[in-house]
Amino acid sequence: MRLRKLCYVAVLAGSLQACIKDAPMNPEADIETFTIDKSQLTSDVFIDQANSTIRLYLTPEAYATGIAPRLSLSTGATVTPASGDSIHFDTGIRQYVVTSASGLNKKTYKVEVVNVGYWKWDFEKWMINDDFKYQYPIDEDSAVTWSSGNPGIAYSGVDEDPMAYPLRATTDAYHGKYAAEMVTREGTVLSGWVGIKLFAGSMFLGVFNIENAFAKPLEATEFGQPYKGQPLRFTGHYKYKPGAQYQDKAGNIIPGMIDSCAVYAVLYTGTTRLNATNIHNSDRIVGTAYLPDGSARENWTRFDIPFQMKRKVDNNEKLMMAIVASSSKDGDNYKGAIGSRLVLDSLEIIHE
Amino acid sequence: MNIKMKGLLAGLLLAAGQLSAQQTYKTSDFKPHLEHRIVAGFNFGATAPAGLPNTIRKINSYWPEFSPSLGYELAYRITPKWGAALGVKLDYKGMSTKDEVLYFPTIITTDDGGTFAGDFSGKNKTTVRNAYVVFPLSATFAPNNKWRFNLGGYAAWLFSSNFYGSVSDGYIRNGGPTGGKVIIDHATFDFGTDVRKFDIGLQGGALRKVGNKLEVMGNLNWGLRPVFANDFKGLDFPLYNIYLTLGVAYKI
């Protein structure tokens, strides 16, 4: 009898296998890699897949002469201009159009050259992402240098409402009209499916790599922007109120535990961004400025933290500066208190 | 000529009918009667699409879940060969499968109002185990006293549902093939509460006598109503309950 049952199962499985149809043509149209010589870069190229934007961090020489990037694409896809063609930044052609192997889909990538001009932010200009309605701050010159966990949270089925996201603008400002507000929120049912019960509010100088958002979240937050100079102090203003109940990764309340915020700047060498796995302990780090006490501050409080330098930096050295802030210090491990609120305004890196 | 032919045909049919009626009358002292059976068995099959869509690239494995079926059948034998049967049974219909998909469109809506639409490529494992109260109704035909065949339909009410699984080793693209790609190492899903409460379908099979009161049984049940409602977009193709019950019947 058992044998017979097995036979039926085998027949059924076999018949299902026989029904497999031909594979669909590849409908994907990604630029997967965008490679230029490292000597032309002040930081690694970032392909912002969520916003179809290639963000370039170029040396002044590379910007003046143009670049000839080599591209790799989704299997079978084609691109114009072609891989290896030169692009110049004075001609205004700043986009790539990729056509999928199936011919059905086209994806247009904008090319943006990013420069951090002033190391001073008042968070007065905010944009809203069209698709998901989360906010992000832009610099005075409209460059996108700050990022946050918002793009990842957008994929977790939160409401399409700026206030549903942990990072947003607030009129509760120290200076000017707006400040950056970070509020730790609960996870969604969907984020629970990948084991995430809490989203800490965060913002950081750097980029968010959506590809790693769920599988390797600590590597999704890539911290840092190209920096030149000798930093002295990290200054700014903040307010902080921890949420009522601290919870661990599994969502269990830990009685007596009080959430705290994190605000810090890290200077490191190289062009490849550090992420949440190595921002505190990489041997590329040359200087740090940590807010020493992340406890509650009801009123606007100024901080002025001198950089602890391991050594003096060389003027020709390629350096990156990260600034990271979170409304829950252990939010990168999905621990914290829902409702913890950090407000930041008037940040500055003061150089020699 | 035509009329003659028709007349002849009608005559023949009439004669044949009378002959068979006489035979029945002669060969048995048959009286219409009721038969009661307890039927028990296991369901083997799948909650599956009627044809596999091209987004399913590979079925790596399949196994039936523990899916017992237990019920009672009341049959009414009108003539020695023909009759009708009505049953009530408790049917578990379940299976598990591991497969690999490519650009598999899904729209997931969750209780907290969250929604995600995108295409998944990677591995999938799904377990289905739904329990129904089923009312099968059949016409029965018994050509001899060893065999009885039945064919009819069924109506089934769901009383417990499981439809869950995981996806792994792949990625999902938000919104479709050109959306942002997010690697999925492992994520679980649960569509149990989306399973429809009511199913109807066709069913047919056979009983074969193996003892005084004991018969072995095989019955195919083919659902005609998709297991998920049309507004469910977790899968972009309908699934049907297609299960074979193998078991025994005991006359009481």
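Can you name every residue in region B:81-125 that is over 24 Å from residue A:214 (Cβ atoms), surrounded by fewer than 16 Cβ atoms within 10 Å (Cβ to Cβ) and of a type outside the set (Gly, Ala, Ser)?
B:81, B:82, B:86, B:88, B:90
In region B:27-73, which residues are of a type in the set (Ser, Thr, Tyr), surrounded by 13 or more Cβ atoms within 10 Å (Cβ to Cβ) and at the interface with another protein chain (Cβ under 8 Å from one of its Cβ atoms)? Walk me through it before giving the result.
Within region B:27-73, the first condition is being of a type in the set (Ser, Thr, Tyr), and the residues that meet it are B:27-28, B:47, B:55, B:61-62, B:67, B:69, B:72.
Then keep just the ones that are surrounded by 13 or more Cβ atoms within 10 Å (Cβ to Cβ); that gives B:47, B:55, B:62, B:67, B:69, B:72.
B:55, B:62 - these are the residues of region B:27-73 that are of a type in the set (Ser, Thr, Tyr), surrounded by 13 or more Cβ atoms within 10 Å (Cβ to Cβ) and at the interface with another protein chain (Cβ under 8 Å from one of its Cβ atoms).
Scan region B:61-81 for residues that are assigned to a strand (DSSP E or B) and in contact (Cβ under 8 Å) with a residue 60 or more places away in the chain and jot them down. Walk me through how you get there before you give the answer.
Residues of region B:61-81 that are assigned to a strand (DSSP E or B), as a first pass: B:61-64, B:68-77.
Of everything in region B:61-81, those that are assigned to a strand (DSSP E or B) and in contact (Cβ under 8 Å) with a residue 60 or more places away in the chain turn out to be B:69, B:71, B:73, B:75, B:77.
Does residue A:207 count as within 14 Å of chain B (Cβ to nearest Cβ) and either at pLDDT 95 or above or out of contact with any helix residue (DSSP H, G or I) (no Cβ under 7 Å at 6 or more places or on another chain) (or both)?
So residue A:207 passes the test.
Is it the case, given these coordinates, that residue A:263 is within 14 Å of chain B (Cβ to nearest Cβ) and modelled with pLDDT of 95 or more?
Values: within 14 Å of chain B (Cβ to nearest Cβ): no; modelled with pLDDT of 95 or more: yes.
So residue A:263 fails the test.
Here's the yes/no breakdown for (1) modelled with pLDDT of 90 or more; (2) of a type in the set (Asp, Glu); (3) in the same structural domain as residue A:231 (by TED's automatic domain parsing); (4) in contact with a helix residue (DSSP H, G or I) (Cβ under 6 Å, 6 or more places away or on another chain):
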{"residue": "A:128", "(1), (2), (3), (4)": "yes, no, yes, no"}
{"residue": "A:131", "(1), (2), (3), (4)": "no, yes, yes, no"}
{"residue": "A:135", "(1), (2), (3), (4)": "yes, no, yes, yes"}
{"residue": "A:140", "(1), (2), (3), (4)": "no, yes, yes, no"}
{"residue": "A:144", "(1), (2), (3), (4)": "yes, no, yes, no"}
{"residue": "A:157", "(1), (2), (3), (4)": "no, no, yes, yes"}
{"residue": "A:165", "(1), (2), (3), (4)": "yes, no, yes, yes"}
{"residue": "A:171", "(1), (2), (3), (4)": "yes, no, yes, no"}
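Please go through (1) surrounded by fewer than 23 Cβ atoms within 10 Å (Cβ to Cβ); (2) part of a strand (DSSP E or B) for residue A:180 and return the number of the only condition it doesn't satisfy.
(1)
Tell me, yes or no, whether region B:189-196 has at least one residue that is closer than 30 Å to residue A:108 by Cα, within 14 Å of chain A (Cβ to nearest Cβ) and not charged (D, E, K, R).
No, region B:189-196 has no match at all.
Just checking, how many residues over region A:213-228 are more than 10 Å from every other protein chain (Cβ to nearest Cβ), under 20 Å from residue B:186 (Cβ atoms) and in contact with a strand residue (DSSP E or B) (Cβ under 7 Å, 6 or more places away or on another chain)?
Counting residues in region A:213-228 that are more than 10 Å from every other protein chain (Cβ to nearest Cβ), under 20 Å from residue B:186 (Cβ atoms) and in contact with a strand residue (DSSP E or B) (Cβ under 7 Å, 6 or more places away or on another chain) gives 2.
Within region B:92-132, work out how many residues are without any contact (Cβ under 8 Å) to a residue 12 or more places away in the chain and under 30 Å from residue A:27 (Cα atoms).
Number satisfying all stated conditions: 4.
The conditions are (1) over 15 Å from the mean Cα position of the chain (by Cα); (2) crowded, with 20+ Cβ neighbours inside 10 Å; (3) not β-branched (Val, Ile, Thr), and residue B:232 fails exactly one of them. Which is it?
(2)
Which of the residues that make up region B:158-170 are buried (at least 19 other Cβ atoms within 10 Å of the Cβ) and either within 8 Å of another protein chain (Cβ to nearest Cβ) or not in a strand (DSSP E or B) (or both)?
Of everything in region B:158-170, just one residue is buried (at least 19 other Cβ atoms within 10 Å of the Cβ) and either within 8 Å of another protein chain (Cβ to nearest Cβ) or not in a strand (DSSP E or B) (or both), namely B:161.
Considering only region A:93-117, state which residues are more than 20 Å from the chain's Cα centre (by Cα) and either outside any loop (DSSP other than H, G, I, E, B) or among the aromatic types (Phe, Trp, Tyr) (or both).
Answer for region A:93-117, where residues must be more than 20 Å from the chain's Cα centre (by Cα) and either outside any loop (DSSP other than H, G, I, E, B) or among the aromatic types (Phe, Trp, Tyr) (or both): A:95, A:96, A:97, A:98, A:99, A:106, A:107, A:108.
In the list B:184, B:200, B:252, which residue meets the criterion of being surrounded by fewer than 19 Cβ atoms within 10 Å (Cβ to Cβ), touching a strand residue (DSSP E or B) at 6+ places or on another chain (Cβ under 7 Å) and touching a residue at least 60 places away in the same chain (Cβ under 8 Å)?
One residue alone meets the criteria, B:252.
Here are the criteria: (1) at pLDDT 95 or above; (2) over 18 Å from residue B:136 (Cα atoms). Tell me which single one residue B:116 does not satisfy.
Among (1) at pLDDT 95 or above; (2) over 18 Å from residue B:136 (Cα atoms), the lone unmet condition for residue B:116 is (1).
Would you check which residues across region A:118-131 are touching a Gly at 6+ places or on another chain (Cβ under 9 Å) and either without any contact (Cβ under 8 Å) to a residue 12 or more places away in the chain or in a strand (DSSP E or B) (or both) and list them? Steps first, please.
Residues of region A:118-131 touching a Gly at 6+ places or on another chain (Cβ under 9 Å): A:119, A:121-124, A:131.
Result: A:121, single match.
Out of B:130, B:60, I need the residue that is within 24 Å of the chain's Cα centre (by Cα) and under 29 Å from residue A:75 (Cα atoms). Which one?
Values: B:130 fails: under 29 Å from residue A:75 (Cα atoms).
Checking each option against the conditions leaves just B:60.
Of everything in region A:313-352 that's on the phi > 0 side of the Ramachandran plot and in contact with an Asp or Glu (Cβ under 8 Å, 6 or more places away or on another chain), which residue is surrounded by the fewest Cβ atoms within 10 Å (Cβ to Cβ)?
A:346
Within region A:185-219, count every residue that is part of a strand (DSSP E or B) and surrounded by fewer than 18 Cβ atoms within 10 Å (Cβ to Cβ).
So the count comes out to 1.
Taking region A:79-92, which residues are surrounded by 15 or more Cβ atoms within 10 Å (Cβ to Cβ) and not in a loop (DSSP other than H, G, I, E, B)?
Within region A:79-92, A:79, A:87 qualify.
Among the residues of region A:131-154, count how many are within 12 Å of chain B (Cβ to nearest Cβ) and surrounded by fewer than 22 Cβ atoms within 10 Å (Cβ to Cβ). Step through it out loud before you land on a result.
Initially, region A:131-154 is screened for residues within 12 Å of chain B (Cβ to nearest Cβ), giving A:131-132, A:151-154.
The next check asks that each one be surrounded by fewer than 22 Cβ atoms within 10 Å (Cβ to Cβ); those that pass are A:131-132.
Of the residues in that region, 2 qualify.
Please determine, by comparing only the residues of region A:20-42 that are within 11 Å of another protein chain (Cβ to nearest Cβ) and touching a residue at least 24 places away in the same chain (Cβ under 8 Å), which one is surrounded by the most Cβ atoms within 10 Å (Cβ to Cβ).
Across region A:20-42, the extreme among qualifying residues is A:29.
The values are calculated or read from the model by the stated rules, or taken from the named source; none is laboratory data. Predicted model only: the values in this text are computed from it and were never measured. Cβ atoms come from the backbone with ideal geometry, glycine included; neighbour counts cover every protein chain shown.
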